[in-house]
Amino acid sequence: MHNFYYFATGPLAWIAFLVFIGGSIWRFRELLELAKRKDSIVFEYMDTKFALRSIVHWLIPFGSRSMKINPTMTVVTFLFHICLFLTPLFVFGHVILWKENFNISWFTLPNAVADLMTLIVIASCLFFLWRRIKLPDVKYLTTPLDFIILFIVATPFVSGFWAYHQFPGFATMTIIHIISGEIMLMAIPFTKLFHMFLFPFTRGYIGSEFGGVRMAKDW
Amino acid sequence: MSNYDKWDWDTSKKKVADLSAWKEKFPYIEELRVSHDGEKIAAIVKNEDMEFTVCIQSEGNDPETWENSYDKAWNLQFTPDDRLAALVSDAGEWKVSTDDETWENGYDFIWNMKFNSNGNIAVSAQKELLYSVVNNDTPWENEFSRLTDMVISPDGEKTAAVVESVPVLESEIFKFRQGCYSIAVNGETWDKNFMNIWNPCFSDDSNHIAVSVRTSYYDYYIAIDGETWDKSFSSVWEPRFSPSIYSVTAPVKRGGKWYLAKDGEIFWDRPYFQLWQQFYSPDGTKIAAIVAPEFGKWTMALDNNPWEIRFSEYLSDPLFSPDGNGVACLFKDKGKWGVAVDGKAWDCLFDMVWQPVFSNNGSHLAVKFKKDGFYHIALNGNIIDEKYDDLANPIFSPDNSSILVRGLQGSSYNRKVIKI
Amino acid sequence: MSEYKSVKEIEKDPKKNESKKIEDQGILKGLEQLTPEKIEIVINQVINDETGARLKVYVDTCVHCGMCSKGCHFFLSLNDPKFSPAGKVKQTLWEILRKKGKVSTEFIKDAATVAYTQCNLCKRCAMYCPFGLDVAYVMSVMRRICHKLGVVPLYIQDTAHSHSATMNQMWVKDDEWIDTLMWQEEEAQEAIENLRIPLDKEGADIFYSVIGPEPKFRAQLIFQAAVIMNAAHENWTMPSMPGWDNSDMCMFTGDYEMMERLKRRHFESALNLRAKRIVMGECGHAFRSVYDVGNRALAWKMPPIEVVHAIEYYNELFEQKKIKIKKKFDRPVTLHDPCNISRGRGLHEMARNIVKATCAEFIEMTPNREHNYCCSAGGGVINCGPPFKNARVESGKAKAKQLFAAKAKGAEVVIAPCHNCHGGLEDIIHHYGVDMELKFFGDIIYEILELPEL
Ligand code: SF4
Ligand code: SF4
């Protein structure tokens, strides 16, 4: 058990970060290469001003009509994404690890807040699950992989919450927490989780087309 | 332009006509036409009975109308030998009229008047919904259910057009795919049919015809006298014959890029985003074409070497100088027009510019252009002479010493010979 | 036959969209000539040679969230997941990419139906997907594959053939075109003596181009345009030879080689006449083909000559006071924003300026401007003809509701500055019993125009 713990927090963590960073770089290079070779025209129409204009509108809650007519989804998505990023970065338990291992540290979230944020992520995942099962159009689009991804994202938070509150079996949960977190990290470049990195480009491109050529808004 | 060397190259200025007299006389005047030698000016007008006729005036004479008048007249042009030709109709019958004499044969409609350099005239014609071509008043023996893209051979003896050789009804899409179009030369079709045919083009000796065809949605070929090249391409543009030997070039598309092909093989191996309007030097040894080496950037390529300069919008009217040493074209860049010669752009930019003209020795280049609402002539990049309200293209004298300027100033139409 | 009398009745309609059997000869007979091998070769050729990062990113990035559903009027009208934008991708390119082109003829049949008749390529969904994924582009790739396979709905394939043989959409012969112009010129001389439709006039300020159906079915529009041009004392021209048609069904069937040929001819017609700019009649898809799609295919970043849609042109006429009106059009109007010129070119505010300048009372439809609903006819869907008409009209239910709502506020006339929209809205108005009158801006301006004194 202890050995495994050290493996998970040691070598596996290194591997996870390497795969995440290396994989992401590789994905980007791959796409850039392909774009240069076969879609070079896309670059001709990219326009920083209009790309940013679009991205900004879509990063502001209710900044687009789409968000306005889907209010629940908008609130949930924003909260979810904020909590998804901030919690692991600023939760005390993680920062302390950085401190111990690399002697660097930063601001940490009060535990109650971190708890709440974790619950938000979990609740959001349940909401997404509900959508995938209950909303006919979302259900139609959903593939088994989508459930797996949802599971990959939810697990570190559920297990983290469990471990932190020292519910029964929390030691195992801690290991599950670490490993699932690492799996999620490694999954990013190779699954739809990569969408977070592609967002600025897809949004920026359509924003450039709408702004520069079509002279219309795209939000 | 016949008798070109016998034109008056000495009189520096003639006032050929004062158009205020026309305006008093006619309630309706169409666009003015000026003869190549500049001695005559004409236009379609309506006479006092509100019928269409042609008014014409030359120096020292009063404006005169044709004796005949018509229900409708259009497409008035001076032929290369400076006769006046128009398409006219009376009681629903259309004829060609040259210098107020109509052809014998009449049709339900005629259009697309074409000349060869001697002034032979051909038109496309429709009678009782059947189509043919009429060359110097002689119609083809065969008629077709559809006809378009008519061309006349350099010697004027032949006419050719794309025709529907197998009548195909609208909505017969599978029959259409089998090929229902052919080329008719003097009314005789090739024995092969294609799904589509475009851009018929005669060889300089008038003996051959090259066209672009497609036999399926993805097999485009160049066909010459009914035989296609061996290899197909994903698209092709207009074929051109070499002026000196029996050889054809055409822009062809492969793998999303354009190349120049010659006699069926890729000839310019450099891929372009676009390539068209290839043209030969008079002796046939050099080829140039309009190309886009990068997306959205245009230039001229001479024997597959693109000029360094790039233009953002458009390139047109490319030509070699008569000695084959210079290449010129028009360009449009950021909304303005200009002239480029041998890879360099003239400094001056225009609102609009017309086909450039080289002098016979190739040492001068002149254009007609428009700026701020007036027309001017530019010679080698410098504006010469005055401004005009309307202007015909400049013509160099045979000895390259002067330019013929045919222009309208106020209501007077003047013919000027300007020494260079 | 009108089916509904109000919005409520539409809402209450228990009838769900039953997927109807496709009886299109272009598709069915086209399929007969296919083998699985041929399908695989063609698909992979298109995917490998003609698409790249864009398609890959669009398909990979989609998180299957369904935010785009409400962006699509098909989904809003039919409430069937198959009609959500991403749902259409699922039925086409997902499957094709997953199976690397090894799909059955049956699959191609359905995919062709989805791509050609269940998407108007209106790009509204790109404004609803958080990632701006362009489903219209994906549908165009599917159409391109179908075109190369020869599986295209008969009616639109026929118009594409017409384009290739005549350079216009309606099999109009060279002489018929000129004859129509001369006839319209004569008619218009009743309104303005000695009015002209100048043919092939070099150096004109305006090269006026129209779509194939104008000379064929709506010649009075040419007449009206001629009257307006003459009243505004424009230096304008129309070409006598092929190149006059700015429309483009080849762009919609996926025949891009033909699209290139058409656009080149159209641009060169105007440029060879040394025209300053092209002014186009009230058509949306033609504008898209000239302003956005066709020019790119020919390697022009933007069109080589300024292209001006009728809305922009009319707006200019009023702004520069080039024409005068007798009085304002006095029946209450509403305005349909055609996708290709609002979402496609941002002309919606200019359209409102024209309404203000010409009409006494204006009632907005909502949503509007960039967020308008397509008429369900765009993207070549109406050109797929009678076999798909019922399905098309049903997918216009969202539009019908909008129209009813505008009508409830008093609107009697719908202005739709696009030919396709006219066709689509006409069918919707008739089918749902909306009972409103359809007009072009040209109709209204012509009606209230003060003719110049002679
Ligand atoms: S482009 Fe328009 S019709 Fe097609 S899926 Fe998107 S919203 Fe629907
Ligand atoms: S909104 Fe975008 S990401 Fe979501 S399902 Fe639709 S296309 Fe995919």
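The values are calculated or read from the model by the stated rules, or taken from the named source; none is laboratory data. The structure presented is a predicted model; accordingly, all values stated were derived computationally and were not measured. Reconstructed Cβ throughout: ideal geometry from the backbone, glycine too, with neighbour counts over all protein chains shown. The protein model used for the area step is the full one, side chains on, heavy atoms only, and it has no ligands, DNA or RNA in it. Shrake-Rupley method; radii C 1.70, N 1.55, O 1.52, S 1.80 Å.
State whether one or more residues within segment B:278-286 are within 14 Å of chain C (Cβ to nearest Cβ) and in a strand (DSSP E or B).
No, segment B:278-286 contains no residue that is within 14 Å of chain C (Cβ to nearest Cβ) and in a strand (DSSP E or B).
Of all residues in segment A:29-47, none are away from chain C (no Cβ under 11 Å), at pLDDT 95 or above and under 17 Å from the mean Cα position of the chain (by Cα).
Taking each residue of segment C:362-384 that is open to solvent by 10 Å² or more (accessible area, probe 1.4 Å) and looking for partners that are away from ligand 2 (no atom under 16 Å from the Cβ) and β-branched (V, I, T) with beta-carbon atoms closer than 8 Å, six or more apart or interchain, yields C:F362/C:V333; C:F362/C:T334; C:F362/C:V355; C:I363/C:V333; C:I363/C:T334; C:E364/C:T334; C:N383/C:I156; C:N383/C:T159. Of all residues in segment A:174-195, those being within 14 Å of chain C (Cβ to nearest Cβ) and touching a residue at least 12 places away in the same chain (Cβ under 8 Å) number 8.
With respect to the conditions (1) assigned to a loop (DSSP other than H, G, I, E, B); (2) crowded, with 16+ Cβ neighbours inside 10 Å, B:I44 lacks only one, and its number is (1).
Within segment B:1-10, is even one residue open to solvent by 50 Å² or more (accessible area, probe 1.4 Å), at pLDDT below 95, touching a His at 6+ places or on another chain (Cβ under 6 Å) and under 16 Å from B:F78 (Cα atoms)?
yes
Considering segment A:156-178, and only residues there that are within 16 Å of A:H94 (Cβ to Cβ) and hydroxyl-bearing (S, T, Y), the residue that is modelled with the highest pLDDT turns out to be A:S159. If you go through segment C:58-67 and pick out every residue that is outside any helix (DSSP H, G or I), within 13 Å of ligand 1 (Cβ to nearest atom) and in contact (Cβ under 8 Å) with a residue 40 or more places away in the chain, you end up with 2.
If you go through segment A:57-76 and keep only what is farther than 16 Å from A:D218 by Cβ, polar (S, T, N, Q) and not in a helix (DSSP H, G or I), you end up with just A:N70. Inspect all residues belonging to segment B:111-118 and state whether any of them is within 27 Å of the chain's Cα centre (by Cα), away from chain C (no Cβ under 14 Å) and surrounded by 21 or more Cβ atoms within 10 Å (Cβ to Cβ). Yes, segment B:111-118 contains a residue that is within 27 Å of the chain's Cα centre (by Cα), away from chain C (no Cβ under 14 Å) and surrounded by 21 or more Cβ atoms within 10 Å (Cβ to Cβ). Taking first residues from segment A:47-60 that are under 13 Å from A:R214 (Cα atoms) and partners that are in a loop (DSSP other than H, G, I, E, B) and of a type outside the set (A, V, I, L, M), no Cβ contact under 7 Å between residues at least 6 apart in sequence or on separate chains turns up.
I'm trying to understand the selection: among the residues of segment C:266-275, which are within 19 Å of C:M249 (Cβ to Cβ) and facing chain B (nearest Cβ under 9 Å)?
Listed by number, the list holds a single entry, C:F267.
Taking the criterion of being touching a Cys at 6+ places or on another chain (Cβ under 6 Å) and surrounded by 24 or more Cβ atoms within 10 Å (Cβ to Cβ), the residues of segment C:155-186 that qualify are C:I156, C:A160, C:H163.
Looking for something within 11 Å of chain C (Cβ to nearest Cβ) and open to solvent by 20 Å² or more (accessible area, probe 1.4 Å) - is there at least one such residue anywhere in segment B:204-211? So far as segment B:204-211 goes, no, none of its residues is within 11 Å of chain C (Cβ to nearest Cβ) and open to solvent by 20 Å² or more (accessible area, probe 1.4 Å). Among the residues of segment C:68-81, those that are within 12 Å of ligand 1 (Cβ to nearest atom) and in contact with a Phe, Trp or Tyr (Cβ under 7 Å, 6 or more places away or on another chain) comprise C:C68, C:S69, C:K70, C:G71, C:C72, C:H73, C:F74, C:F75. Looking only at residues of segment C:94-129 that are open to solvent by less than 10 Å² (accessible area, probe 1.4 Å) and within 14 Å of chain A (Cβ to nearest Cβ), we find that the one that is nearest to the chain's Cα centre (by Cα) is C:L121. Within segment B:339-373, the set of residues being of a type in the set (G, A, S) and surrounded by fewer than 21 Cβ atoms within 10 Å (Cβ to Cβ) comprises B:G343, B:A345, B:G362, B:S363, B:G373.
Beta carbons closer than 9 Å, at least 6 apart along the sequence or on distinct chains, pair a first residue in segment A:27-44 that is at negative phi with a second that is acidic (D, E) and open to solvent by less than 70 Å² (accessible area, probe 1.4 Å) for A:L31/C:D60; A:K38/C:E50.
Filtered by the rule that a residue be modelled with pLDDT of 95 or more and open to solvent by 10 Å² or more (accessible area, probe 1.4 Å), segment B:91-103 gives B:E93, B:W94, B:K95, B:T98, B:D99, B:D100, B:E101, B:T102, B:W103.
Which ones in segment C:276-326 are assigned to a strand (DSSP E or B), within 14 Å of another protein chain (Cβ to nearest Cβ) and closer than 19 Å to C:C339 by Cβ?
C:V307, C:V308, C:H309
The condition of being closer than 22 Å to C:F388 by Cα, open to solvent by less than 20 Å² (accessible area, probe 1.4 Å), touching a Phe, Trp or Tyr at 6+ places or on another chain (Cβ under 8 Å) and within 16 Å of ligand 1 (Cβ to nearest atom) holds for only one of C:G150, C:G87, C:G132, that being C:G87. Scanning segment B:61-75 for residues that are out of contact with any Ser or Thr (no Cβ under 6 Å at 6 or more places or on another chain) and among the small types (G, A, S) yields a single hit, B:A73. Being among the hydrophobic types (A, V, I, L, M, F, W, C), closer than 20 Å to C:L273 by Cβ and outside the structural domain of B:S363 (by TED's automatic domain parsing) is not true of B:I309. A:A171 satisfies every condition listed in (1) open to solvent by 50 Å² or more (accessible area, probe 1.4 Å); (2) touching a residue at least 40 places away in the same chain (Cβ under 8 Å); (3) touching a helix residue (DSSP H, G or I) at 6+ places or on another chain (Cβ under 6 Å) except (3).
Checking A:P144 against (1) in contact with a helix residue (DSSP H, G or I) (Cβ under 9 Å, 6 or more places away or on another chain); (2) under 23 Å from C:C129 (Cα atoms): exactly one of these is not met. Which one? Single failed check for A:P144: (1). Among the residues of segment C:29-56, those that are open to solvent by 30 Å² or more (accessible area, probe 1.4 Å), away from chain A (no Cβ under 12 Å) and either farther than 17 Å from B:F174 by Cβ or in contact with a Leu (Cβ under 9 Å, 6 or more places away or on another chain) (or both) comprise C:K29, C:Q33, C:T35, C:P36, C:E37, C:K38, C:E40, C:I41, C:N44, C:Q45. Per the listing C:D179, C:D174, the residue uniquely without any contact (Cβ under 8 Å) to a residue 40 or more places away in the chain and away from ligand 1 (no atom under 16 Å from the Cβ) is C:D179.
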